[in-house]
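The values are calculated or read from the model by the stated rules, or taken from the named source; none is laboratory data. Treat the numbers as computed from the prediction; the structure is a model and nothing was measured. With ideal geometry, Cβ positions are generated from the backbone for all residues, glycine too; neighbour counts draw on all protein chains shown.
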Amino acid sequence: MSNVFNWQLGREMEFPYDAAFPDQQFAFVFNLNRCIGCQTCTMACKSTWTFSKGQEAMWWNNVETKPYGGYPHGWDVKTLDLLEQSNPGGQTWAGEATDVRAPYGQFKGKTVFEAGMTHIGAEGANRVLGYLPTDEEWTAPNRFEDNPTGSQKGSKGRYFSGGEALPQHKTWFFYLARICNHCSYPACLAACPRNAIYKRPEDGIVLVDQERCRGYRKCMEACPYKKTYYRPTTRTSEKCIGCFPRVEGRDQAGGGLPMQTRCMSACIGQIRMQGLVQINKDGTWKEDRYNPLYYLIHVAKVALPLYPQFGTEPNGYYIPPRWVPRPYLKQMFGPGVDAAIERYANPDRELLAVLQLFGKDQRICFRYEIKEGTKVFENEIRGKKFALYNDTIIGYAKDGTKIIETTVEEPFHVRNAKHANSI
Amino acid sequence: MPKDEFDFDDPLELNGVALLTDEDTSGAICECFIEEFLRMGWNHKQILALFQNPAYLGMNMVLQNKGEQFVRDQISDAFARWGKWVEWKTPIALPGSARVSRAVVGVAPTTSANSQEPDESPTTRRDAASSTPEACAPQARWEPIHFRQSIASACACGSDGPCDSRSVPAAPLDPLGNPAPDLTL
């Protein structure tokens, strides 16, 4: 085991390998306040990468209804439970948030790596604390959630009957969209006995070498997010590849510029933004003030990592849903929740502009610039003074090409009925 | 979603989930969704249509639990906070709310960013569309909202409730108030 620094935990932690960081890191932000669970992202991914034999139960991107659902069933609750059993009452946060090295304070509990060391099985101590979901848990995403299902056979030109009689939710819920977090300390990589999993130095995307993998499924057991999958037809594991040809700029649609993944680009609710961020030698984020991801995560601090206490330093960040009870959100996103929601519900001038960048272009935005506009109105929102400015935000691609230009008060266009369903 | 009874012998059957159900967050989810759509440029009538649509589960849940008057009040308040004036011309009579559905705080926008035309504000846009308000029958009483009914309620004539005007096409309308396309899937 090595000592590595995990900035999301604000401390050093145990990891089976020495720290090694990419030059740039694949990262993304999802705004859960806007997700309507339409599964367009899921199908964009499915139809691009996992449509072949043996991949039927493989959903690199999934959207689950929280708190009821999860894919595989109960993935987060089970891992949280294992950690609690390993360290009863000790999974807590303390200390003050400081700089980029401890923006959420310090985690005092055990990570999946640290808990694994004391979890002695038949083969000795585990590299990572985890569990292998059953086949049944993988086979039915969104089971018992809120998608309409039925035993009727579909036919052309006819909707399923009874779709309007969906069960009514009685309490709060929200949709959680998930892909592989391409963690800085991947548990799948740590657990692989074949060294078949590697993290690309150019963009931090985590991949499974299909030549080396022998399908031991240790990665599936170790990944706390359960984002590696076994393919019975090849007897190997597969996982989200971060649409790396697009990120490399090899998709023709991008004209040679790095593009966002298929799931990000397809999102109709414009809840997603993906990019590449600069990484320091110690694994912290290099200051890049006008990179939209750096701004959202380290300046505005409205986007938080998913279950940071697992210790893998995930690179997926979420703007938490405003209406969900805070204890649940704090368990899911850590102690930064209150500040994030406060900031998101009372956005300042820059945040309002940056939020407009979501979903505007398939190419990755590396830098933004704001041109000040006129004041639209002044008011008081939730006891705080608020002024809305119709600023213009401009986004630039890697080579400085202008790819986005929009205003805070966006024009609202409605496609006429004649062309409502045409492209 | 299976409609049959629970099978307690089914190892996959979900028999119970512990939730923090003591907290009623209807107001917060309502406010959040209104502001999200408001920021995207939707007007009050379009947002109300979303709440009436059972396909939008979170929003419809609030309407079912709290009633349409609650949602209208929240929409009015949110628009007022964001400097936009909303006036409902067809108030509905619902149990438990005697509040006049009209925002009384905030100021009218000094300029509209999308257009210099004052008609672009939510209220005036609706006013312009409802040139013949007498053709519309206000919703007389609270009824469970059916999917097709909710679509039809976003009538192009400008009514907030169902419309029986002969001047309006009988075809169902989408949540934006346009005639829904006849899909041949």
What residue, among those in segment A:348-360 that are touching a Ser or Thr at 6+ places or on another chain (Cβ under 9 Å) and of a type outside the set (Lys, Arg), is farthest from A:Asn390 (Cα to Cα)?
A:Gly359
Return yes or no: is A:Ala387 buried (at least 19 other Cβ atoms within 10 Å of the Cβ) and either within 11 Å of chain B (Cβ to nearest Cβ) or touching a residue at least 40 places away in the same chain (Cβ under 8 Å) (or both)?
no
Restricting attention to segment A:59-109, the residues that are touching a residue at least 40 places away in the same chain (Cβ under 8 Å) and either over 25 Å from A:Ala300 (Cβ atoms) or among the aliphatic types (A, V, I, L, M) (or both) number exactly 27
Scanning for something farther than 30 Å from A:Lys286 by Cβ, in contact with an Asp or Glu (Cβ under 8 Å, 6 or more places away or on another chain) and outside any strand (DSSP E or B), does segment A:102-116 turn up at least one residue?
no
Which condition from (1) more than 14 Å from chain B (Cβ to nearest Cβ); (2) part of a helix (DSSP H, G or I); (3) not basic (Lys, Arg) is the one that A:Asp361 breaks?
(2)
Could we say that A:Glu137 is in a loop (DSSP other than H, G, I, E, B) and within 13 Å of chain B (Cβ to nearest Cβ) here?
no
Of everything in segment A:400-423, what is surrounded by 11 or more Cβ atoms within 10 Å (Cβ to Cβ) and either in contact with a helix residue (DSSP H, G or I) (Cβ under 7 Å, 6 or more places away or on another chain) or part of a loop (DSSP other than H, G, I, E, B) (or both)? Give them in sequence order.
A:Thr401, A:Ile404, A:Thr406, A:Val408, A:Glu409, A:Glu410, A:Pro411, A:Phe412, A:Val414, A:Arg415, A:Ala420, A:Asn421
Using the structure shown, decide if A:Met264 is under 16 Å from the mean Cα position of the chain (by Cα), under 30 Å from A:Ile403 (Cβ atoms) and either surrounded by 20 or more Cβ atoms within 10 Å (Cβ to Cβ) or modelled with pLDDT under 95 (or both).
yes
(1) of a type in the set (Gly, Ala, Ser); (2) assigned to a loop (DSSP other than H, G, I, E, B); (3) in contact (Cβ under 8 Å) with a residue 24 or more places away in the chain: which one isn't true of A:Gly256, the others all being true?
(3)
Scanning segment A:173-215 for residues that are at pLDDT 95 or above, hydroxyl-bearing (Ser, Thr, Tyr) and in contact with a helix residue (DSSP H, G or I) (Cβ under 9 Å, 6 or more places away or on another chain) gives A:Tyr185, A:Tyr198
Would you be able to say whether some residue in segment A:344-355 is out of contact with any Gly (no Cβ under 6 Å at 6 or more places or on another chain), buried (at least 17 other Cβ atoms within 10 Å of the Cβ), closer than 28 Å to A:Phe244 by Cβ and more than 10 Å from chain B (Cβ to nearest Cβ)?
yes
Unmet requirement for A:Asn62, which otherwise passes all of (1) at pLDDT below 95; (2) in contact with a strand residue (DSSP E or B) (Cβ under 7 Å, 6 or more places away or on another chain); (3) on the phi < 0 side of the Ramachandran plot:
(1)
Among (1) away from chain B (no Cβ under 14 Å); (2) closer than 16 Å to A:Tyr175 by Cα; (3) of a type in the set (A, V, I, L, M) - the single one A:Ile319 does not satisfy
(1)
Taking the options A:Glu313, A:Glu405, name whichever one is closer than 19 Å to A:Pro292 by Cα and either within 14 Å of another protein chain (Cβ to nearest Cβ) or modelled with pLDDT of 95 or more (or both).
A:Glu405
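The rows are residues; the columns are (1) within 13 Å of A:Gly311 (Cα to Cα); (2) at pLDDT below 95; (3) touching a Leu at 6+ places or on another chain (Cβ under 6 Å); (4) acidic (Asp, Glu).
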position: A:Ala94; (1), (2), (3), (4): no, yes, no, no
position: A:Thr98; (1), (2), (3), (4): no, yes, no, no
position: A:Ala102; (1), (2), (3), (4): no, yes, no, no
position: A:Phe113; (1), (2), (3), (4): yes, no, no, no
position: A:Gly116; (1), (2), (3), (4): yes, yes, yes, no
position: A:Gly121; (1), (2), (3), (4): no, yes, no, no
position: A:Ala125; (1), (2), (3), (4): no, yes, no, no
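So which residues in segment A:369-384 are farther than 12 Å from A:Leu357 by Cβ and either exposed (fewer than 15 other Cβ atoms within 10 Å of the Cβ) or touching a residue at least 60 places away in the same chain (Cβ under 8 Å) (or both), if there are any at all?
Scanning segment A:369-384 gives A:Lys371, A:Glu372, A:Thr374, A:Lys375, A:Glu378, A:Glu380, A:Arg382, A:Gly383, A:Lys384.
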Test B:Phe6 against the stated conditions and say whether it is surrounded by fewer than 19 Cβ atoms within 10 Å (Cβ to Cβ) and either at pLDDT 85 or above or assigned to a loop (DSSP other than H, G, I, E, B) (or both).
yes
Can you tell me which of (1) within 14 Å of chain B (Cβ to nearest Cβ); (2) under 26 Å from A:Glu12 (Cα atoms) is the one A:Tyr175 doesn't meet?
(2)
Filter result (surrounded by fewer than 16 Cβ atoms within 10 Å (Cβ to Cβ) and under 22 Å from the mean Cα position of the chain (by Cα)) within segment A:1-20:
A:Ala20
Surrounded by fewer than 20 Cβ atoms within 10 Å (Cβ to Cβ) and in contact with a Lys or Arg (Cβ under 7 Å, 6 or more places away or on another chain) - does that describe any residue in segment A:235-256?
no
Set A:Gln331, A:Gln309: member being in contact with a Phe, Trp or Tyr (Cβ under 6 Å, 6 or more places away or on another chain), within 30 Å of A:Pro16 (Cα to Cα) and not small (Gly, Ala, Ser):
A:Gln309
